[in-house]
Structures are given as structure tokens and as C-alpha cells.
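Everything on this sheet refers to the single structure shown next.
The values are calculated or read from the model by the stated rules, or taken from the named source; none is laboratory data. Values in this document were obtained by computation on a predicted structure and should not be read as measured data. Ideal geometry is used to build each Cβ from the backbone, glycine not excepted, and the neighbour counts take in all protein chains shown. Areas reflect the complete protein model, heavy atoms only, side chains present, ligands, DNA and RNA absent. Shrake-Rupley method; radii C 1.70, N 1.55, O 1.52, S 1.80 Å.
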Amino acid sequence: MKTFYSWYKKHITTAIFIGLILGIFTGLFLAGRFEPVLTVTSLIGSIYMNALNMMIFPLVFCSIIMGISSIGNARTTGKITAGAMIFFLCTTALASLAGLIIPRLIHLGEGVKFEMATSDIQATEMTSILDTIKNLIPSNPVAAFANGNMLQVLVFAVIVGFTLIAIGEKGKALLNVIDSCNEVCLKVISTVMYFTPIGVFCTIVPVVEANGTETIISLATQLIILYAAFFGFALIVYGGSVKFIGKESPVKFFKAMLPAALNAFGTCSSSSTIPISKQCMEDEMGVSNKITSIAIPLGATVNMDAVSILMSFMIMFFANACGINVSISMMIVILLANVLLSVGTPGIPGGAIASFAALATMAGLPAGVMGVYISINTLCDMGATCVNVIGDMAGCVVLKEKIKLED
């Protein structure tokens with residue numbers, strides 16, 4: 001049993017692919033027949049999504065507080081951390097903006113029709129930026145959690161996070177409790193993710209059965225455009241940063257980072273790629289261990305550029321597909337929340353699911369889109385993690401040049 005567990009853990013990405021492919025073919029085969037099978041798959045799929053959804057709010061709340069806390073503590077380490085944070089936050093903002101503008105320009109998702117396999121529950125849609133600002137601070141934080149008001153939960157987490165930094169030692173006990181809660185949330189999510197092959201199979205079957213081949217073609221087109229945006233962003237933003245700020249050859253950089261990028265693509269985990277990223281930058285690019293020891297672990301926590309692109313992309317795609325108009329004010333809200341959420345997104349497989357659920361709630365998307373997103377999450381997550389790791393290493397090259405100039 002232990003041997004099988006080790007093998008399964010190592011090959012879970014392959015298992016998820018198999019579950020996805022089997023789910024697509026099963027959904028096509030069951031179209032209009034074998035209703036009991038569809039009922040069972042829908043039930044199991046709903047249980048899987050509920051298991052993920054139950055941890056969304058506590059995970060987002062705790063991870064953002066821990067992220068802010070680590071940033072505050074890291075500032076004391078000096079210029080390297082400050083420079084890394086500026087680089088990561090600037091590129092994350094650019095990534096969020098690109099993810100919102102590109103789908104809007106090409107009208108991505110328009111003409112696509114989804115028949116949701118689960119009941120559609122519309123979240124309250126924010127139509128005015130003034131109303132949004134007015135309701136930012138929750139008068140009752142418990143009610144914000146109970147009512148599913150993610151924006152108020154985010155603001156509450158930010159307030160608590162910076163307050164804990166301000167009071168210093170006196171807040172350490174509460175910070176330890178939140179850290180423990182965060183670890184519990186991550187453990188629950190990680191455990192649920194072991195059932196992802198089954199969950200993917202059971203969530204995609206009803207979707208394919210309800211929508212047929214047209215949906216599959218639409219999602220495949222979406223993934224191709226998404227990957228083009230991912231690697232276009234890496235080439236332009238990271239390659240440009242390495243060349244013009246880091247004063248290094250982009251060709252040399254992209255060759256040096258390849259082992260780490262491929263590992264990230266296969267494992268869907270930026271955290272597990274940290275040792276390889278450090279080795280690539282130190283051995284091939286001559287970056288000091290002083291820089292890589294701070295910038296790469298920090299990047300694995302806060303640098304989620306591709307996740308930011310992914311979230312914005314998916315929100316715009318599903319909004320257009322569902323006929324929901326995303327106003328300019330809503331785009332601004334999503335952009336700001338996206339930057340904050342991507343800082344708090346854990347660097348583990350499936351970590352982006354909670355972020356998508358939070359942003360989908362803000363955008364007023366129907367609950368049924370979660371089933372479609374989860375079914376393709378692994379395919380999206382592989383490319384996103386790969387690009388995030390490339391961004392971590394690009395930050396190291398930039399810091400190598402900037403720190404040297406300052407000294």
C-alpha cells in the first residue's frame with residue numbers, strides 16, 4: 001500500500017490527465033442515456049467541489065495574513081528583499097492587467113454557451129466602484145465570512161496582517177495560531193487534491209454530457225490562447241527585464257532556467273522547485289547565493305504572475321460565455337483583488353482553485369462554472385506554475401545587476 005501511495009503521489013499529474021480524458025469520452029458516450037451513472041458522477045463531483053469550497057475562505061484569510069507577515073519580517077533583511085518585492089508586485093500587476101485586457105480585446109468566450117451541471121447561484125454583482133469602496137471594511141467580519149463576501153474578507157485579512165506586524169511581539173501568539181490554521185487548510189486542500197483524478201472525472205462527465213463536443217472545442221481553444229498569453233508574457237516581460245534591467249542575454253537566461261521550468265511544469269509546484277531554481281541561477285547565471293536564498297523562496301510565496309493571468313483570463317472567459325457584463329469598475333476591483341490573492345496563493349498543486357472561487361464570487365459568476373474550471377485546472381496550473389518559476393529566476397538576475405550597481 002505504501003509503495004502504491006508513493007507511486008501515485010509521483011504520478012498524480014498523469015492520473016489527472018487520465019481522469020480528464022476518460023471523463024470527456026464518458027460524457028460523450030453517456031449523452032442522453034444511462035441517467036443513473038450521470039446521477040452518481042454528479043453526486044461525487046459535488047462532494048469533491050464542496051470539499052474544496054469548505055476551505056476557501058479560511059485558506060484565503062490565513063494565507064494573506066501569513067503572506068503580509070512574511071513580507072513585513074522580510075523587509076528587515078535589507079535591499080534584496082525590498083527589490084524582490086518591488087519586482088514581483090510590479091510584474092503581478094502587469095500580469096493581472098494583461099489577463100483582463102487581452103480576453104476583452106479578442107472577446108474571448110463570446111458565443112460559447114455553457115449548460116451548467118450544477119445549480120446556478122448568482123452572487124451579488126457590484127455595479128458601482130463607490131458602492132464597492134463604501135462596503136470595503138466589514139462592520140461584522142463574521143457576517144462577511146457567513147455571507148461569502150470575499151472582498152470584505154480580503155480587506156479584513158489585510159487589516160489584521162498589518163496590525164500584527166505593527167504590534168510586533170505581542171501579536172506573535174495570534175500569528176502562530178493563524179499559521180497553524182493556514183497549515184491545516186493547506187493539509188486539507190492537499191489531501192483533497194489526492195482525489196483530484198476522481199473529482200476531475202466526475203465533474204467533467206456531466207459538463208460534457210450537457211454541452212457535447214462544442215464545449216470541448218471551446219475549452220481547447222481557450223487553453224491554446226491562455227498558453228500563448230503565458231509564454232508571451234514570459235518572453236516579453238521576463239526576457240525584457242533580464243535584457244534591459246539585468247543586462248544579461250535573454251537566450252542565456254532561458255537556457256539556464258530550463259531544468260527548473262520543466263520541473264515546475266511537471267510537478268505543478270513552485271515550492272518544490274526552489275532547490276533546482278537556486279542551482280540554475282547560481283551555476284549558470286552567476287547569481288549570488290545571498291540573492292537566490294531570499295528571492296526564490298520569497299518568489300515561490302508571493303510571485304504568482306501566471307496565476308494572476310489565469311484568474312483574470314478565466315473570469316473574463318466565463319463572464320463572456322455566461323453573458324455577464326464585466327464593467328470597468330468591476331475590472332478594477334478584480335485587478336486589485338487579483339494582485340492580493342495571487343500574493344496569498346499557495347505554491348502547491350491546485351492552489352489557484354481558491355483564488356478562482358473568490359474572484360468568481362466577486363464577478364457574480366454562476367456557481368456552476370467551478371465544475372468546468374476544476375476539470376481543466378491541472379492543464380492550466382502546469383503552464384502557470386512553469387511561468388511563475390521563470391519569473392522567480394528573472395527576479396534574481398535583475399537583483400544581481402541592481403544590487404551590484406547600488407553597492
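Provide the gained length on full extension for the span Lys172 to Ser293, in nm with one decimal, where the gain is 0.36 nm per separating residue minus the Cα-Cα distance.
Values: separation 121, 0.36 × 121 = 43.56 nm, distance 2.45 nm.
Value of the extension gain: 41.1 nm.
Among the listed pairs Lys134/Lys172; Lys170/Lys400; Lys79/Lys187; Lys252/Lys278, a Cα-Cα separation exceeding 26 Å is found for Lys134/Lys172; Lys170/Lys400; Lys79/Lys187. Here the gap between Leu262 and Ile328, fully extended at 0.36 nm per residue and compared with their Cα-Cα distance, gives a gain of 20.1 nm. Applying D = kT/(6 pi eta Rh) to region 166-324, where Rh is the Kirkwood radius over alpha-carbon pairs, T corresponds to 4 °C and eta to 1.567 mPa s, the Stokes-Einstein value obtained is 67 µm²/s.
If you roll a 1.4 Å probe over the heavy atoms of the protein chains, what accessible area per residue do you get for region 209-330, in Å²? Spell out each step's value before the answer.
Details: 4730 Å² over 122 residues.
I get 39 Å² per residue for this part.
Computed from label points 7 Å out along Cα-Cβ, the spacing between Ala143 and Phe244 is 4.9 nm. Assuming R0 = 45 Å, what is the FRET efficiency of Ser6 and Lys134, from their Cβ-Cβ distance, to the nearest 0.05? Efficiency computed from Cβ-Cβ geometry: 0.25.
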